[in-house]
Each structure stands twice: as C-alpha cells, then as structure tokens.
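One structure below.
The values are calculated or read from the model by the stated rules, or taken from the named source; none is laboratory data. Everything numeric here is computed off the predicted structure, so don't read it as measured data. Reconstructed Cβ throughout: ideal geometry from the backbone, glycine too, with neighbour counts over all protein chains shown. Note: accessible area is taken over every heavy atom of the protein model, side chains too, but ligands, DNA and RNA are not part of it. Shrake-Rupley method; radii C 1.70, N 1.55, O 1.52, S 1.80 Å.
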Amino acid sequence: MTLAARIIPCLDVKDGRVVKGVNFVGLRDAGDPAELAALYDAQGADEICFLDISASVEGRGALLDAVRRTAERCFTPLTVGGGVRTPEDVRALLAAGADKVSINTAAVMTPDVIDAASSAFGAQCIVVAIDAKQTGPGRWEVFTHGGRTPTGKDAVAFAREASERGAGELLVTSMDRDGAKSGYDLDLLSQIADNVRVPIIASGGAGTLQHLVEAITVGRASAALAASIFHFGTHTLGEARAALAAAGVPVRTV
Amino acid sequence: MQKIALIDYGSGNVRSVERALVAAAEQSGRVCDVRLTRDPDFIADAESIVLPGQGAFAACMHALQVDAPLLAAMTEAVQIRRAPFLGICVGMQLLMTTGLEHGEHRGLGWIDGVCRVLETTERLPHMGWNEVTPVRPHPVLDGLAPHRHMVFMHSYVVEPANSEAVAAVSHYGARFACAIARDNMIGVQFHPEKSQTAGLDLLARFLAWRPA
C-alpha cells in the first residue's frame, strides 16, 4: 500500500542514436532508442529517460522523431531532456510524446523558464536536472553544458530554488561519479533530499544492484536512474527489482 | 465500428491516450474508430467519450469552456444520452463542482465534490507507481489484480461529497480517491495509458462497458 521506488533506464541520445559516455567523453554506440526503450518497457521499466546530447538542429529533429517512435511503442512514462531552453521546447517534446521534460542548462542560466514551464504545463511534467561536482566536504557546485561549465552555484541551494520555482522533480547527477560505476554520491542525494519536498531521481555512478538500493535507502531518492548496467546486459530490470525488494524497498508488481 | 471520442481541447500528451485506446481495442479484438476530436457531430455519435487532462484545473476548464460547441456536445452525450465516459487525471478532476488549485474555480459539476491538494507528509507531486484498491464493484475496475500498481503524476486529488462515488483508493501518506464513478461516468486519477498491461486492460474494460 505504498508508492514503489522507480528504476529508470536512461538513454543518452545523440542525433537520434543511443550513446553512453564515460565521464561524458568516449561515446559508444548502443543502438536505436525506440528499440531499446521498447525492450525496457517489456522488461517492466518504471519509467524511461531520454537525454539528448545533440548540439545541432538536425540532432534536435532526430530527437523529436526518436521520441515519437519511442512513445508509440512504450506504455510507461517517458522523460526527455537536453537542450530545452524555452516553454516552446517543452511543448514540442510533450507533443512528440514525452510525459515529462527535463531542463538543465537553461534552468541555471534563466531560472524563470522553470516558473513559466511549470505554470503552463504543470509541475508534474517539469524535471530540473542538476549536474553537481564536489568542491569540498559537504559542498557541491552546479555545472552546465553537459558538465563543462562551472557556475559558482551551490547545488543544494539551487535544488531548493528549482523546487520553489515549480520543478516537480529533481534529477541529480554526480559529475564525479558519472560513468565511474563506484556508486551514487549518497551525501549529495541526502543533502538535497533534506532540503526539498519534491521527489529526487538519483543519477551518476550506478555499477551494481546494491548501488540502486543505496540510492533509495541511504540517498533517500524516489527513483534510481542508470544506463550502462542495463544497456550492456550486466543486469536486467527484473534483477534490479528483486534486489530492491530483498532490501525491503517497495517495488511494483509487474 | 465503435466510435470513441477522445476530447481534443489542447491538453498535453493526448497522443499517448489515443495510442493506448487503439492498443486496448486491438488486444481485445474490438473494432474501434478512436478519434482525437473536437467535432460536435462525431461526439454526438460516439459510443464512448474519453476526457484526458494535464496541467492546472482552471486552465483545463477554461480550454473546455472557450469551445462552446465542444462542451455542449460532450455534455449532451454524457449527461443526456448517458454515453460511457472516462476522465483521466485532470479530465477526472474536472467532474467535480469546484477546483481549489490556485484559487477557487468551477468545474463541470457532474459529480458533487471538490478537487484539492493532496494533504500528505510525503513528497509532492505524487510521482510513479502506486497500488490501486477498488472499494466497490465496478465493471471497469473489476478484473484488476490485487496490489496492482498504476502510474500517478499529480499533487491534487478529488474528494466527492458522497463517499459512494469513490470506486477505488490509493495511499500516499494519506488515503485518497484514485477512481470515482457514478452512473455512466468513471474517472481515474492515475494514467492507464502509461500503466503498461494493467492500464491497457482497464481501457479495454472501459471500451466494453455498457452502463445500465
């Protein structure tokens, strides 16, 4: 009788194709996003996330097409992010079939876009993605542009601001852990969890099933996002659900 | 050919509802013409009506009201002709007399009650898969396996004046009505179109539903 913790496979998409970066460099092709998403849907993914890392207009068009093709085959929530700057970008992705839209760089540079998108489409479909890098004990800085640009903003303070402006969820990525498979940054997650009331999605660092469990039990995230451990067949979503259930975390019946 | 009118009033992700209805019809061997429409003639002939909804209560209600022929056709179909009606998320909340999201707003008032924020100590919005527990028999909900999860994405809930209108409940720090029903109308707070097999099965039962 309780809300299930979510496991979210994440597809990093460039020019309509899935890639996965290790610390955001050294991309490796892992297939067609619609195919992969349909596979995860069949495995009982609680949600599917697309993060677009295309820089070009052609890449954006390819993304919208991929979102359309994926949404046609998935009957589970689909979150899409990457390069979203305006409420119009949000509208285009929702129209293509996204259920939620994630805003990253623009949320930091022009935070008013959070308020505007949230009031136009509802907080439940606006996710603010925060890329954070540790700068000292208990301190993290927000980075933008795919982790290349430091902003001088404190990640915990920005998390609070984003939720107050109308974000319905926060997707919190540890830049230090992303691709390292050494586990999520649990201190970062729990610090943010203490400071906001919206649900948090843990991201960056999942290498084992135990890491997924810790994101929920120690990091107090509502959802754990992972890419490589699922893409390369290290683990299935069924195994991930079983590991969470064995640890006493509520999961859904599939 | 069963005509299904999916009401098009500019609400968010309606394509997923359309696809799910088509898939539900196909899997149950039902020949349906599912149409995203604001055409009063199609609505007047439709055997079933589906009202989706995403965003704020007042904005959705306003979008319905500015299209007077659409609202009139839908009202006639549901209230006079008594065609089976399914409201999803805000499409269900609009059934209430009053919405208390960002001020006080009038709803359709087809089921007496209010739409108010979910009072809970848990994180809001309520996001993800939660259990749906029917509290009385209903053709659209019967067949739902025990402890079945459906997808939720909301912060507001309905509170019917008459508790008999509550058809199913969920718990999220507090108990709330996640399905309401009266006569030929049913509304669900969750998203069957995003709830994989369990959701498609529910939509298939709705398409087969012939209220007395």
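Between A and B, buried accessible area from a 1.4 angstrom probe totals roughly 3000 Å², ignoring ligands, DNA and RNA.
Would you work out the relative contact order for region A:6-246, in percent, from Cα pairs under 8 angstrom that are 6 or more residues apart? It rounds to 17 percent for region A:6-246.
From the alpha carbon centroid of region A:102-177 to that of region B:2-23 is 33 Å.
In this simple spin-label model, placing a label point 7 Å from the Cα along the Cα-to-Cβ direction at both B:Arg106 and A:Asp115 gives a separation of 3.1 nm.
Taking all C-alpha pairs of region B:23-66, those more than 14 Å from each other amount to 62 percent. Just so you know, the averaged projected area of the alpha carbon convex hull for the protein assembly as shown sits at 20.1 nm². Loop-resident trypsin sites (Lys or Arg not before Pro) (DSSP state other than H, G, I, E or B) in region A:89-159 with no more than 12 further Cβ atoms inside 10 Å of their Cβ: A:Arg148. Karplus-derived 3J(HN,Hα) values for region A:242-253, using 6.51 cos²θ - 1.76 cosθ + 1.60 with θ = phi - 60°, are 5, 5, 5, 4, 5, 8, x, 7, x, 10, 8, 7 Hz; glycine and proline are entered as x. When the Kirkwood hydrodynamic radius is evaluated over all pairs of different C-alpha atoms of region A:6-246, what value in angstrom, to one decimal, is obtained? Every distinct Cα pair counted, the radius reaches 17.4 Å.
Counts of other chain beta carbons within 10 angstrom of each beta carbon in peptide B:128-135 average 5. Legend: mean number of C-beta atoms from other chains within 10 angstrom of residue C-beta atoms, peptide A:122-133, equals 4.
Build a GNM of chain A with springs between Cα atoms under 10 Å apart, and of A:Leu237, A:Leu39, A:Leu225 the one that fluctuates most is A:Leu39. All alpha carbon pair distances within chain B were sorted into 10 Å bins beginning at 0; the resulting P(r) in whole percents reads 9, 39, 40, 12, 1.
Over the protein assembly as shown, accessible surface divided per residue gives 37 Å², non-protein components excluded, 1.4 Å probe. Maximal additional length on extending the B:Ala58-B:Ala208 stretch stands at 50.8 nm, based on 0.36 nm per residue less the C-alpha distance. Between A:Asp154 and A:Val254, the contour length at 0.36 nm per residue exceeds the Cα-Cα span by 32.1 nm.
What a 1.4 Å probe finds exposed on the protein assembly as shown is 51% carbon and sulfur by accessible area, rounded to a whole percent. At a Cβ-Cβ separation cutoff of 4.7 angstrom, cysteine residues of chain A with no neighbouring cysteine are A:Cys74, A:Cys125.
As a test, work out the antiparallel percent of DSSP beta bridges whose residues both lie in chain A, rounded to the nearest 5. Antiparallel bridges make up about 30 percent of those DSSP assigns within chain A.
For region B:17-123, the list of GluC sites (Glu not before Pro) that fall in a loop by DSSP and count at most 14 other C-beta atoms within 10 angstrom reads B:Glu104, B:Glu119. A simple spin-label model places pseudo-atoms 7 Å from Cα toward Cβ; at B:Thr121 and B:Ala68 they are separated by 5.2 nm.
Pick out which of A:Gly44, A:Gly219, A:Gly205 has the largest mean-square fluctuation in a Gaussian network model of chain A, springs linking Cα atoms closer than 10 Å. Ranking A:Gly44, A:Gly219, A:Gly205 by mean-square fluctuation puts A:Gly44 first.
The GNM of chain A, with springs linking C-alpha atoms under 10 angstrom apart, assigns the highest mean-square fluctuation among A:Gly136, A:Gly59, A:Gly204 to A:Gly136. Taking every alpha-carbon pair under 8 Å whose residues sit at least 6 apart, chain B reaches a relative contact order of 20 percent. Summarising the strand pairing of chain B, around 60 percent of its internal DSSP beta bridges are antiparallel.
For each pair in A:Lys14/A:Lys100; A:Lys133/B:Lys194; A:Lys100/B:Lys3; A:Lys153/B:Lys194, compute the distance between the two Cα atoms and list the pairs where it is over 27 Å. Too far apart for the 27 Å limit: A:Lys133/B:Lys194; A:Lys100/B:Lys3; A:Lys153/B:Lys194. Taking 7 Å steps out from each Cα toward its Cβ at B:Thr197 and A:Ala42 produces label points 1.4 nm apart. Quick one: plug the Kirkwood hydrodynamic radius of region A:69-131 (C-alpha pairs) into Stokes-Einstein at 4 °C, 1.567 mPa s, and report D in µm²/s. Once the numbers are plugged in, D ends up at 112 µm²/s.
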